[in-house]
1. Inspect the stretch 273-282 for any residue being out of contact with any Pro (no Cβ under 7 Å at 6 or more places or on another chain) and crowded, with 24+ Cβ neighbours inside 10 Å and give the result as yes or no.
2. Collect the residues in the stretch 4-24 that are over 12 Å from ALA144 (Cα atoms), open to solvent by 10 Å² or more (accessible area, probe 1.4 Å) and either among the charged types (D, E, K, R) or in a helix (DSSP H, G or I) (or both), keeping them in residue-number order.
3. Wholly within the stretch 132-192, which helices (runs of 4 or more DSSP H) include no fewer than the required count, namely at least 3 residues that are without any contact (Cβ under 8 Å) to a residue 40 or more places away in the chain and open to solvent by 60 Å² or more (accessible area, probe 1.4 Å)?
4. Do the conditions hold for LEU115, that is, is it part of a loop (DSSP other than H, G, I, E, B) and either at pLDDT 85 or above or more than 20 Å from LEU193 (Cα to Cα) (or both)?
5. Do we find that LEU245 is modelled with pLDDT of 90 or more and not in a helix (DSSP H, G or I) in this structure?
6. Just give me the residues in the stretch 193-236 being at pLDDT below 90, farther than 16 Å from ILE151 by Cβ, open to solvent by 50 Å² or more (accessible area, probe 1.4 Å) and part of a helix (DSSP H, G or I), in sequence order.
7. If VAL244 meets every condition in (1) farther than 15 Å from GLY18 by Cα; (2) surrounded by fewer than 20 Cβ atoms within 10 Å (Cβ to Cβ) apart from one, which number is that one?
8. Any idea which residue in the stretch 53-84 is farthest from THR192 (Cα to Cα), counting only those that are part of a loop (DSSP other than H, G, I, E, B) and at pLDDT 80 or above?
Amino acid sequence: MALPAPFVIIAVGALAAGASGLVGSFLVLRRMTMLGDAISHAVLPGIAVAFLLSGRPQSPWALLGAAAFGLLCAYLVQALQRAGVQEDAGMGVTFTALFALGVVLISAFAGRVHLDLEHVLYGEIAYAPWDLWLVGDVSLGPRALWTMGAIFLLDLLAVVLFFKELKFCAFDPATAEALGINVSAFHYLLMTLVSITTVGAFDAVGAILVVAMLVLPGATAYLLTERLSTMLALAVGLGALASVLGYLLARITDTAVAGAMAVVGGVLFALVSWWARRRRRG
């Protein structure tokens with residue numbers, strides 16, 4: 001029995017926003033939200049190389065290739081910072097160079113496989129209900145639901161298993177090191193999760209929604225609570241709310257669904273920010 005298209009679209013959006021909100025909350029706490037944006041661009045050569053080697057746009061190697069280049073981006077930013085380059089400059093240099101490499105690879109070798117910049121950079125969540133995962137002649141349902149569901153569970157499992165370590169690394173890296181926590185290892189674990197979440201959501205929901213949801217749910221939840229566990233739960237919930245309201249807005253205005261979801265996420269942040277300022281003044 002086929003799932004209703006509106007349900008699939010909202011569910012995929014909620015899963016993408018929830019997964020992005022989980023990892024994005026830690027980026028917000030560590031004041032590294034722009035690094036998430038940088039990684040979302042830097043994964044392009046990893047996707048391109050995986051597509052070129054496998055010849056299949058839906059290859060699982062795309063996730064591995066993207067994660068590798070996401071880690072490379074994070075490592076290069078850290079290396080440039082240690083060499084005396086300012087963090088924002090290091091991000092700009094690294095992600096533009098890697099992004100340009102991906103564009104060159106796609107432009108040079110796109111004739112070998114069915115691959116173009118539009119396919120890699122811009123997914124369309126409205127098509128998710130009809131992009132089915134086929135095993136032989138059997139349809140297992142929309143591919144994006146499986147992909148984003150698996151990534152959401154992966155992010156959730158990592159956060160649950162390493163909650164204490166990620167919390168210490170986010171709030172007080174010096175104390176974390178004193179307690180014997182390998183801060184660098186958990187930094188790169190977070191960067192790996194950001195990379196996998198980003199590339200997994202690219203084809204399902206599009207680049208605009210991915211970048212927005214890496215920042216907006218976590219930033220909004222940060223204004224509502226001082227408890228990390230509550231912040232993570234709120235980020236997931238706010239992402240789901242933005243997906244539902246964004247879909248309704250897109251239906252009413254006949255506009256792009258992913259864009260409408262991102263707009264609603266921005267409106268929620270603005271409303272919560274206004275409320276938080278009033279509460280501080282009162």
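1. Here is the first cut: in the stretch 273-282, the ones out of contact with any Pro (no Cβ under 7 Å at 6 or more places or on another chain) are 273-282.
Going one step further and asking which of them are crowded, with 24+ Cβ neighbours inside 10 Å, we end up with none.
Looking through the stretch 273-282, none of the residues is out of contact with any Pro (no Cβ under 7 Å at 6 or more places or on another chain) and crowded, with 24+ Cβ neighbours inside 10 Å.
2. ALA5, PRO6, PHE7
3. The helices (runs of 4 or more DSSP H) meeting that bar are 143-161, 173-178.
4. Taking the combined requirement at face value, the residue satisfies it.
5. no
6. Result: ILE208, single match.
7. (1)
8. GLY84
The values are calculated or read from the model by the stated rules, or taken from the named source; none is laboratory data. What you see is a predicted model, and the numbers here were worked out from it, not measured in a lab. Neighbour counts run over all protein chains shown; Cβ positions are idealised from the backbone, glycine included. Heads up: the accessible areas ignore ligands, DNA and RNA and are worked out on the full protein's heavy atoms, side chains in. Shrake-Rupley method; radii C 1.70, N 1.55, O 1.52, S 1.80 Å.
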